[in-house]
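**Student:** Take this structure first; my questions come after.
Nothing in this text is a laboratory measurement; each read-out follows from the coordinates by a stated rule. Predicted, not measured: the structure shown is a model, and the values here were computed from it. Every residue, glycine among them, receives a Cβ derived from its backbone with ideal geometry; neighbour counts consider all protein chains shown.
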Amino acid sequence: MIDIEQQLREAALDLPTDAPPLAERADEEGLLDVAYTSVDSPLGPLVVAATPKGLVRVSYTEFRGEDEVLEDLARRVSPRVLEAPARLDPVRRELDEYFEGRRQDFDTPIDWSYLAGFTREVLRATAQIGFGEVSTYAGVAEAAGSPRAVRAAGNALGANPMPVIVPCHRVLRTGGSLGGYTGGVERKEFLLRLEGTLL
Amino acid sequence: MNLPPFQALLQEHRADVYRFLVATAGPSEADDAFQETWIAALRAYPRLRRADNLRAWLFRIAQNKSIDAHRARGRRAVPVATVPESASAPPEPDDPSVWGPLRELPTKQRTAVFCRTVLGMPYDELATLLESSEEAARRNVHEGLKRLREELEHD
């Protein structure tokens, strides 16, 4: 009697595993709620994610693991999270140009809908600070409409889900010291040097 | 309800789902059936109420797409000059020996044999996949293997 189970298992080893890609079709069907990819940068790899409306996430992979970022997106935005580098090509290009010193402003649209309240106001105000300029926690709090909420502004900046593109690195402590940075203060220094703010 | 990011599901199961579809639907149908499976899963995913048994859920979808592929192949394969020996769809060209006969099994036996033998799926999970009792899942594996053995020893 032949060992049919053994025969099946051996035959299965020869089955192809080069399945066709999925992201493009998912996008065509309107099912790609969150597209993400990894982008190399002088600050280490970044996870970049976008909804059909715009960017929702930039994260330093060395600071916070990709799995954690994707789980957070699945929970807060949609569980339909797929790796889809093509949809992030424009933002990848802009980031490359920025880090090469050939770009000062980002044109990529931002999806603000997953941010709420004061955090959203603070980050929107921060997005207005131009390349080479700086503001302070107090200045950003004021621009967000609550001049006395300096500490809350600091918390909002610390929770910035789109560093580099929403330039929280341009917000310093009153008096000129750097203040903190989610991702490490050495990254803040790097970005300020890149923009000519720090020598 | 916290569902894992869909990409995690895809990474974990894409190769097994593809092998399942090549084995049960055939190499020329597998690519389409694979995309149909994952698109259907992606469409339904946010409405899932439970995150356990995701593999059984996925393979149930894959099984349904495999059935669709069988039907489509049957419809396309209208014989013109030759008389077919059986009423079912003709086997794929260059069939590896075991998969041709596997494809001739009834749907549940086909799924049960592959998932149990190749993937080592536990019977309770297989029962969830087949929407049957564990006893029925065991029977499907047993009957399927028996028929395959007869088929292959016959050759």
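**Student:** Along the three principal axes, how long is the protein assembly as shown when you take its alpha carbons, biggest first, rounded to the nearest angstrom?
**Tutor:** For the protein assembly as shown, the Cα extents along the three principal axes come out at 88, 42, 31 Å.
**Student:** Using a 10 Å cut-off around each Cβ, can you sort A:Phe99, B:Phe34, A:Phe131 from fewest to most neighbouring Cβ atoms?
**Tutor:** A:Phe131, A:Phe99, B:Phe34
**Student:** Tally Lys/Arg at +1 and Asp/Glu at -1 over every other residue whose Cβ is under 12 Å from the Cβ of B:Gln7; what's the total? Numbers along the way, then the final one.
**Tutor:** Details: positive: A:Arg80, B:Arg14; negative: A:Asp33, A:Glu66, A:Asp67, A:Glu71, A:Glu83, B:Glu12.
Once positives and negatives cancel, what remains is -4.
**Student:** With the crude spin-label approximation of a point 7 Å out along Cα→Cβ, what separation in nm comes out for A:Gln104 versus B:Arg50?
**Tutor:** 5.9 nm
**Student:** List the trypsin sites (Lys or Arg not before Pro) within the stretch A:91-128 that DSSP assigns to loop and that have no more than 13 neighbouring Cβ atoms inside 10 Å. Mind dumping the intermediate values first?
**Tutor:** Values: sites: A:Arg92, A:Arg93, A:Arg102, A:Arg103, A:Arg120, A:Arg124; in loops: A:Arg102, A:Arg103.
Passing both the DSSP loop test and the Cβ count: A:Arg102.
**Student:** Excluding B:His142 itself, calculate the net charge of residues whose Cβ lies under 14 Å from the Cβ of B:His142, where each Lys or Arg counts +1 and each Asp or Glu counts -1.
**Tutor:** Charge balance near B:His142 sits at +3.
**Student:** Cut-off is 10 Å between beta-carbons; in what order do A:His169, B:His70 appear when sorted fewest neighbours first?
**Tutor:** On the way: A:His169 27, B:His70 20.
Going from least to most buried by this count: B:His70, A:His169.
**Student:** To the nearest 10 degrees, how steeply does helix B:6-25 sit against the main Cα axis of chain B, on a 0 to 90 scale?
**Tutor:** Roughly 10 degrees, rounded to the nearest 10.
**Student:** Could you check the spin-label model distance between B:His142 and A:Gln7? Points 7 Å from the Cα along Cα→Cβ, value in nm.
**Tutor:** My value for the distance between the label points is 2.1 nm.
**Student:** Considering only B:Asp52, B:Asp124, B:Asp16, give the residue with the highest GNM mean-square fluctuation for chain B, with springs between Cα atoms whenever their separation is below 10 Å.
**Tutor:** Judging by the Gaussian network model, the answer is B:Asp52.
**Student:** Further question: With only Lys, Arg, Asp and Glu charged, each at its Cβ (+1 for the first two, -1 for the last two), find how big the charge dipole of the protein assembly as shown is about the Cα centre; round to the nearest 20 debye.
**Tutor:** Dipole size: approximately 1480 debye.
**Student:** Mind giving me the FRET efficiency for A:Ala159 and A:Phe63? R0 is 22 Å, r the Cβ-Cβ distance, nearest 0.05 is fine.
**Tutor:** About 0.95, to the nearest 0.05.
**Student:** Right, something else. Towards the positive end of the charge dipole of the stretch A:111-176, with charges on Cβ (+1 Lys, Arg; -1 Asp, Glu), say which of A:Phe131, A:Leu157, A:Trp112 has the farthest Cα.
**Tutor:** Final value for the positive-end residue is A:Leu157.
**Student:** Under 10 Å, Cα contacts only: if you run a Gaussian network model on chain B, which one of B:Leu129, B:Leu48, B:Leu105 comes out with the highest mean-square fluctuation?
**Tutor:** It is B:Leu48.
**Student:** Show the residues, 5+ positions off or on another chain, whose built amide H is closer than 5 Å to the amide H of A:Leu172.
**Tutor:** For A:Leu172, whose amide H was placed from the backbone, the distant partners under 5 Å are A:Ser135, A:Thr136, A:Tyr137.
**Student:** For the stretch A:32-101, what does the alpha-carbon gyration tensor say about shape, rounded, prolate or oblate, given a ≥ b ≥ c as the root eigenvalues, a/c under 1.5 as rounded, and a/b over b/c as prolate?
**Tutor:** oblate
**Student:** Compare A:Leu32, A:Leu70, A:Leu22 in a GNM of chain A, Cα atoms joined below 10 Å, and give the one with the largest fluctuation.
**Tutor:** The residue that fluctuates most here is A:Leu22.
**Student:** Suppose we keep just the DSSP beta bridges with both residues in the protein assembly as shown; what percent of those would be antiparallel, to 5?
**Tutor:** Taking every DSSP beta bridge with both residues in the protein assembly as shown, the antiparallel ones total about 65 percent.
**Student:** Considering the dipole of chain B built from charges on the beta carbon (Lys and Arg +1, Asp and Glu -1) around the Cα centre, which of B:Trp57, B:Ala137, B:Leu148 is farthest to its positive end?
**Tutor:** Of the options given, the answer is B:Trp57.
**Student:** Rounded if a/c is under 1.5, else prolate if a/b beats b/c, else oblate: with a ≥ b ≥ c from the C-alpha gyration tensor eigenvalues square-rooted, which is chain B?
**Tutor:** Oblate shape, in that a/c is at least 1.5 and b/c is the bigger or equal ratio.
**Student:** Run through all the Cα pairs of the stretch A:50-199 and give the fraction in each 10 Å bin from 0, expressed as whole percent.
**Tutor:** Here the calculated profile for the stretch A:50-199 is 11, 40, 37, 11, 0.
**Student:** Further question on the same structure: Under a point-charge model restricted to the Cβ atoms of Lys and Arg (+1) and Asp and Glu (-1), what is the dipole moment magnitude of the stretch A:86-199 relative to its Cα centre, in debye to the nearest 20? Could the numbers behind the result be given before it?
**Tutor:** Working: 14 positive and 14 negative charges, 73 e Å.
Here the size comes out at about 360 debye.
**Student:** Further question on the same structure: Sum up the charges of everything whose Cβ sits under 14 Å from the Cβ of A:Asp67, counting Lys and Arg as +1 and Asp and Glu as -1, but leave A:Asp67 out.
**Tutor:** Residues close to A:Asp67 contribute a combined charge of -4.
**Student:** Kirkwood hydrodynamic radius, the stretch A:1-132, all distinct C-alpha pairs: what's the number in Å? Don't skip to the answer; put the middle values down first.
**Tutor:** Details: mean 1/r = 0.0576 Å⁻¹.
One over the average 1/r among Cα pairs gives 17.4 Å for the stretch A:1-132.
**Student:** Now, a different point. To the nearest 20 debye, what charge dipole does chain A have about its Cα centre, counting +1 at the Cβ of each Lys and Arg and -1 at the Cβ of each Asp and Glu? Mind dumping the intermediate values first?
**Tutor:** On the way: 22 positive and 32 negative charges, 294 e Å.
Rounded to the nearest 20 debye, it is 1420 debye.
**Student:** Still on this model: Note down the nm distance, to one decimal, between modelled labels 7 Å out along Cα→Cβ at B:Ser28 and at A:Arg173.
**Tutor:** In this crude label model, B:Ser28 to A:Arg173 measures out at 7.2 nm.
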